[in-house]
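Presented below is the structure to which this report refers.
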Amino acid sequence: MEQGIVESSVSSLRHITNWDDKHSGNESEGDRAGNGEIKYLGVTPPISTEPPKPADHLASEALMRDLIALAQFESDSERKVRERLLSNIAQLVSKFVHDVSIKSGMSEKVASEAGGRIYTSGSYRLGVHGPASDIDTICVCPRHIFREHFFGEFRQMLRDWPAVTEISAVESAFVPVMKTVISGVEVDLLFARVNLAEAGDKLDIEKDEILRGVDDASQRSLNGPRVTDMILNLVPDVAIYRTALRAIRLWAKRRGIYSNVLGFPGGVAWSLLAARICQLYPTAAPAVIVGKFFPIYYQWRWPDPVMLKKIDQGPQNMQHPVWNPRLDRRDQAHRMPVITPAYPSMCSTHNITASTMSVVRDEMLRAMQITDKILANPGSSWMELFDKVDFFGLYKTYVQVIASASSQEKIKDWGGTVESRIRTLVQDLENTDIIVTAHPLIYGIPNTFYCLTEEEQAAASQGELSEAAMRRKESDMEGKEYKKVWTKSFFVGLEIEKKPKDASQSRILNLFYPSKRFCAACQGWDKYDEMEMSVILRPAKRSELPFYCFPDGQAKGKKKTKRGTPSGFADAGVDDSMDGQGPSKRPKSALGSDDARLADGTVLSSHSAPIEQTPNGVPLLPLRTPQPQMASGSSYPLSAHVPTANDADPVPTNGNSVMPDMAPPPAIQGMKPLSSESMAGFASAAKGVTTEKELEGAGGSNAAGLMVLNGSG
C-alpha cells in the first residue's frame, strides 16, 4: 500500500477519531438522516464500498492457505467434541437448577420451568478459535440460584463427571470462574444470576433490561456473550470478518502483543479493532481488511477512541457506569481506548502502558511494510507476517521475575498473582531514569529443578542455580536424595537511553524502588504465605539469561537491524565479553553480587531490593503458551475457499484426529434433548450463522442450532 493511499485513508478517518458528545447517544447516524434506513454500520460512513478485485481474491486465498497450513482451524472430529461437550454442560446446568429448586421447596412443575442456560463468548463464539483454544462459557441461572450453589452443588456435579480431569475454582476473582479440563478441552465456567424467576428458552440476554437488578460480577459475566454477539451483528460480512480476525489474532500472538493482563490488547480488543475496519470497508476481501488494518491503526490519532457504535447510556434508572473520559479521570488516562459496544460500554484496553503502546505501534509498522509487499504480489505467501518475534534477541538488558511456591496447587494461584502485577512493574520501570521502554514477555516460563542441597534450592528460587544443575532430569536423580523446585519466570526487556557522548561519569540503573514496590504488591495478596511462597526481581544482561530462554540454549548477539520503527529499539551497548558466565559466576566487585555493568559504564542494580528465600520444594505446573505449528498427518487443499456471508469455515481433514469416547455426566441420564434455541446460545460462528429473516423464510426452524444474528446493534 502506497504512503499516499495510507494518508488518504487516515485523512478520511479524521472526522471519526474526534471524541465528542455525538458519539455518546442512543440514535444512529442513519436515524438522524431522517430516511428511516441504516445506511451503514458504525459511527461514520464507510471509507470505500468498492467490490473486491481478482487480485484481492488471490491474496485472500493465499492467506487462507497459510492459515490452514499453520493449523488455525479445528478438524471435524474436534469440532464435534466441543459441540457434544457444550451440549452436556447445558443439560447439566439445567439439571443443577432443577435440583437446587427442588431443595429450595419448589414444586416439580416450577423447578422444571426454572431453566438454566449456557452461552459462549470470546474466540469460540466469534468462530476464530483453533484446536488448542479454550471455551469461555457463561452459566445463566434464575434469581433463586446463588453463586454459593454454583461453586458448591454444581462443582460437585462436575466432579462426578468422569470426563472432567481438572477443576479449580477462583471464587475471589474479579469475574469468579471455575477452570476445568473436560475431555482434553479447557473450559472456563462463569456464573451469572439474573433477576428473573425463569432462565429458559425464552431468555434474551441481548436486551439491556437483563442487567437490571444483577450484581456486578453477574453483569461482567453476562457482558461476555453480549459484547461478542453485538460485534457479529455490527460487521457487514461475518465470514470475511472471521478470516481477517484469525490472521490478526495469529499475528498478534506470534509477535508477542496479545495479553490484556500484561498491558497489551487482549482478545476482545483485537476483535473490536478488526470489526471497525470491516465497517469502514464493508465489501472488501479478507486480505484487504488485513492490509488496511495496520496503516489505519498505526496512524490513528490516539487517544481518540475506536467504537463500533454510539455509546448507549442504557435504560432509565440503571446505574452501571459507562466509559466517559469527560466525566471520569480514570477514563481520561486510557492511551489506546477501544470501546465495547454493549451497555455498559467499557474500555477493553485500559491496561495499555506507554511502553506496550510503543511496542504495538512498532509491530504495526513492521506488519504494514510486509503486507504492502504481499498485496503488491497477489497470491504470494503471508508467512513472513506470522514470523515469531525473537524477544530475547531484541534487547541487551532484561529484568527477570521469579515466582516460587511450596506446592503445585499454590504455584498456580501464586504465579497468576505475580503475573497480574507485572503490568504495574512495567509502569514503574517506565518512570525509572534512563529506561526508555519496558517490554514484557507475554507468558511465563516454567521450570522444574532437581536440587541436592538446601543451597541449590535457594539458588533455584533466586535464579542463581548453575546451568549444570538446571539441566538435571529426574532420571539423573535415581538413588539420590533430592528436592524438586518449581519456578515460573517472567521477563521484561529494557531499552536503555543512550549515553551522551560528552558524559564522563558512569550512570546507575537503580531498580531498588520498582523492585521493592513490586515485591510488596505481590506479598500483599490475601493468600500470600511467606513460608510457602517467594518472589524475586533481578536485572540481567542478555548473556546472563538462563539457557532455557533460547531455542538452542545459548544467547545470540543482538541483531543489528532495528524493528522497522522510527523510534527504533536500540539499546545502550552491553558488554558481552562475559558470555558463558551464568548469574552465579559473575565476578565479585564493588558493584555487589546483584549488580552488572553496561558497556557505557551504566550499572544495573537491584542490590538493595528485598530477596525472598524459598523453602524446600517449590512445585509448578508447566503452563507454556501453545505456539501454532505446521499440521502433521493432515490433508489440506492446494487452494483454500474463502467463506463469505453466513458460510461456515473450512474443515481440514486430519488423519490423526480421533474423536475420543466421552461419557455424558451421570446426572443428565434420561433428560430430553436440548432445544434449537438453547443450542443457538452456545453455537460457534465458525459453524455458520443465520438471521431472523432467514429463519422466518424457513418457517422459524433452526434445526442445526446455528447462531442467530438479529441485525441489532
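Restricting to segment 198-217, give me the number of residues that are surrounded by fewer than 19 Cβ atoms within 10 Å (Cβ to Cβ) and over 21 Å from Phe682 (Cα atoms).
4
Could you list all residues from segment 79-128 that are of a type in the set (Val, Ile, Thr) and either touching a Lys or Arg at 6+ places or on another chain (Cβ under 9 Å) or over 22 Å from Val238 (Cα atoms) (or both)?
Filtering segment 79-128 for residues of a type in the set (Val, Ile, Thr) gives 81, 89, 93, 97, 100, 102, 110, 118, 120, 128.
Of everything in segment 79-128, those that are of a type in the set (Val, Ile, Thr) and either touching a Lys or Arg at 6+ places or on another chain (Cβ under 9 Å) or over 22 Å from Val238 (Cα atoms) (or both) turn out to be Val81, Ile89, Val93, Val97, Val100, Ile102, Val110, Ile118, Val128.
Confirm whether Leu308 is surrounded by 15 or more Cβ atoms within 10 Å (Cβ to Cβ) and in a helix (DSSP H, G or I).
So Leu308 does not fit the description; no.
Kindly check whether there is at least one residue in segment 244-255 that is part of a loop (DSSP other than H, G, I, E, B) and buried (at least 22 other Cβ atoms within 10 Å of the Cβ).
yes
Within segment 420-427, is there a residue that is under 26 Å from Asn260 (Cα atoms), assigned to a loop (DSSP other than H, G, I, E, B) and touching a residue at least 12 places away in the same chain (Cβ under 8 Å)?
no
Could you pull out the residue among Val93, Val100, Val181, Val175 that is part of a helix (DSSP H, G or I) and either outside the structural domain of Glu206 (by TED's automatic domain parsing) or free of Cβ contacts under 8 Å to residues at least 60 places away in the same chain (or both)?
Matching residue, one of Val93, Val100, Val181, Val175: Val100.
Output yes when any residue across segment 456-467 is crowded, with 18+ Cβ neighbours inside 10 Å, within 31 Å of the chain's Cα centre (by Cα) and without any contact (Cβ under 8 Å) to a residue 40 or more places away in the chain, and no when none is.
Looking only at segment 456-467, we keep the residues that are crowded, with 18+ Cβ neighbours inside 10 Å, and these are 456-465.
Those still in the list that are within 31 Å of the chain's Cα centre (by Cα) too: 460-463.
With without any contact (Cβ under 8 Å) to a residue 40 or more places away in the chain added as a condition, the list becomes none.
No: segment 456-467 contains no residue that is crowded, with 18+ Cβ neighbours inside 10 Å, within 31 Å of the chain's Cα centre (by Cα) and without any contact (Cβ under 8 Å) to a residue 40 or more places away in the chain.
Kindly list the number of the only condition in (1) more than 21 Å from Pro643 (Cα to Cα); (2) of a type outside the set (Ser, Thr, Tyr); (3) in contact with a Ser or Thr (Cβ under 9 Å, 6 or more places away or on another chain) that fails for Glu74.
Just one mismatch for Glu74, condition (1).
Test of understanding: among Asp229, Asp328, which residue is more than 19 Å from the chain's Cα centre (by Cα) and acidic (Asp, Glu)? If you could, list the steps in order and put the result at the bottom.
Values: Asp229 fails: more than 19 Å from the chain's Cα centre (by Cα).
Unique residue meeting the criteria: Asp328.
Checking Leu695 against (1) part of a loop (DSSP other than H, G, I, E, B); (2) more than 30 Å from Glu61 (Cα to Cα); (3) at pLDDT below 85, which single condition isn't satisfied?
(1)
Spot the failing condition for Ala645; the list is (1) modelled with pLDDT of 90 or more; (2) among the hydrophobic types (A, V, I, L, M, F, W, C); (3) on the phi > 0 side of the Ramachandran plot, and only one is missed.
All conditions are met except number (1).
From the list Ser358, Ser404, exactly one residue is in contact (Cβ under 8 Å) with a residue 12 or more places away in the chain, farther than 30 Å from Ala62 by Cβ and surrounded by 22 or more Cβ atoms within 10 Å (Cβ to Cβ). Which is it?
Values: Ser358 fails: surrounded by 22 or more Cβ atoms within 10 Å (Cβ to Cβ).
Ser404 is the lone residue from the list that is in contact (Cβ under 8 Å) with a residue 12 or more places away in the chain, farther than 30 Å from Ala62 by Cβ and surrounded by 22 or more Cβ atoms within 10 Å (Cβ to Cβ).
When segment 389-417 is examined, which residues are found to be of a type in the set (D, E, K, R) and closer than 30 Å to Ala367 by Cα?
In the first step, residues of segment 389-417 are kept if they are of a type in the set (D, E, K, R); the result is 390, 396, 409-410, 412-413.
Listed by number, the residues that qualify are Asp390, Lys396.
Can you name every residue in segment 340-362 that is aliphatic (A, V, I, L, M) and either part of a helix (DSSP H, G or I) or over 15 Å from the mean Cα position of the chain (by Cα) (or both)?
Residues satisfying the conditions are Ala342, Met346, Ala354, Met357, Val359, Val360.
Can you find, within segment 529-562, the residue that is modelled with the highest pLDDT among those that are under 26 Å from the mean Cα position of the chain (by Cα) and in a loop (DSSP other than H, G, I, E, B)?
Phe550
Given (1) touching a residue at least 40 places away in the same chain (Cβ under 8 Å); (2) more than 21 Å from Ala459 (Cα to Cα); (3) not hydroxyl-bearing (Ser, Thr, Tyr), identify the lone condition not met by Gly416.
For Gly416, the exception is condition (1).
Is it the case, given these coordinates, that Gly30 is at pLDDT below 95 and in contact with a helix residue (DSSP H, G or I) (Cβ under 9 Å, 6 or more places away or on another chain)?
no
Residues of segment 263-288 being crowded, with 24+ Cβ neighbours inside 10 Å, of a type in the set (Val, Ile, Thr) and out of contact with any Asp or Glu (no Cβ under 9 Å at 6 or more places or on another chain), which ones?
Correct list: Ile277 only.
Quick one: His144 ticks every box in (1) surrounded by 15 or more Cβ atoms within 10 Å (Cβ to Cβ); (2) assigned to a helix (DSSP H, G or I) bar one, so which box is it?
Status for His144: all satisfied but (2).
The values are calculated or read from the model by the stated rules, or taken from the named source; none is laboratory data. Predicted model, so just to flag it, every value in this text is computed and none were measured. No Cβ is skipped: glycine too gets one built from the backbone with ideal geometry, and neighbour counts run over all protein chains shown.
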